[in-house]
Amino acid sequence: MTEVLLRFEERKQEIEIYFEHITDFLDKDAIVLFPDHRVKSLSIDLEHILLSNLFLLLYNLVESSISGAIESIYKEMLAHAVSYDEIKPTIRMEILDHVRKNVNTKKFVESVEDLVIDILKYYPKSTELFSGNVDQEEIKKMAQKYGFSAHTDARKTQNGEKLKTIKNRRNELAHGFKSFQECGEERTFQEMKSIKDECLLYIEQILKNIDAFLKNKTYLK
């Protein structure tokens, strides 16, 4: 889980650096000075594109952080040699469902010697957990399945409600349903700052909840 928290901080800093530069670019007096002394003002279209790109950065942080944290739960159980019988029924169901849908039966039978121990090796990897569908509702579902808390300070995070907007805009951009310029036109700079701040605070608190869940071994029955 330590690695997940470190990656989150790295990506959070990347987003803050990007947003800091956007803040400078969107200043009405901002210009670009080239090495050959040419001076160019930023077009409003480019400003919209820069803003909308923030949706991609935020969504990537959300999905990679939550999927990495879920994978950490399984790695922690394996590291402590936890058996299948010892873990919460909801987590057992997740493992069995993954094995049924994604694991070759012949390979599974040949590689398993002690079922209650070895079956945990076939947990869903971070790349298999989500596919462009992570928002606050999906995180709440994961919290119910695994047993970690989805509670955050609503005054600061608005309970992650902005994640649905981030997910929807990311998917529209990724699939070409909207252009970057169109997405950028829909939001003001202050709205994007609010979306960024609430998203980062929400994911940070969820990751801390999962970290506490692992330290307290709440995955056990």
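See the values below:
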read-out: Among residues of segment 114-151, those that are open to solvent by 30 Å² or more (accessible area, probe 1.4 Å), among the charged types (D, E, K, R) and closer than 29 Å to residue 163 by Cβ, counted; value: 7
read-out: Unmet requirement for residue 29, which otherwise passes all of (1) acidic (Asp, Glu); (2) assigned to a helix (DSSP H, G or I); (3) open to solvent by 60 Å² or more (accessible area, probe 1.4 Å); value: (2)
read-out: Test result for residue 92, free of Cβ contacts under 8 Å to residues at least 24 places away in the same chain, surrounded by 13 or more Cβ atoms within 10 Å (Cβ to Cβ) and out of contact with any Cys (no Cβ under 7 Å at 6 or more places or on another chain); value: yes
read-out: Subset of segment 97-113 [touching a residue at least 12 places away in the same chain (Cβ under 8 Å) and open to solvent by 70 Å² or more (accessible area, probe 1.4 Å)]; value: 102
read-out: Residues within segment 1-15 that are more than 17 Å from residue 184 (Cβ to Cβ), open to solvent by less than 90 Å² (accessible area, probe 1.4 Å) and touching a helix residue (DSSP H, G or I) at 6+ places or on another chain (Cβ under 8 Å), tallied; value: 7
read-out: Only listed residue being open to solvent by less than 50 Å² (accessible area, probe 1.4 Å), more than 24 Å from the chain's Cα centre (by Cα) and of a type outside the set (Phe, Trp, Tyr), chosen from 72, 83; value: 83
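The values are calculated or read from the model by the stated rules, or taken from the named source; none is laboratory data. Not measured: the values here are computed from a predicted model. Neighbour counts are summed over all protein chains in view; Cβ atoms, including those assigned to glycine, are modelled from backbone coordinates with ideal geometry. Quick note on the areas: whole protein, heavy atoms, side chains included, nothing else; ligands and nucleic acids left out. Shrake-Rupley method; radii C 1.70, N 1.55, O 1.52, S 1.80 Å.
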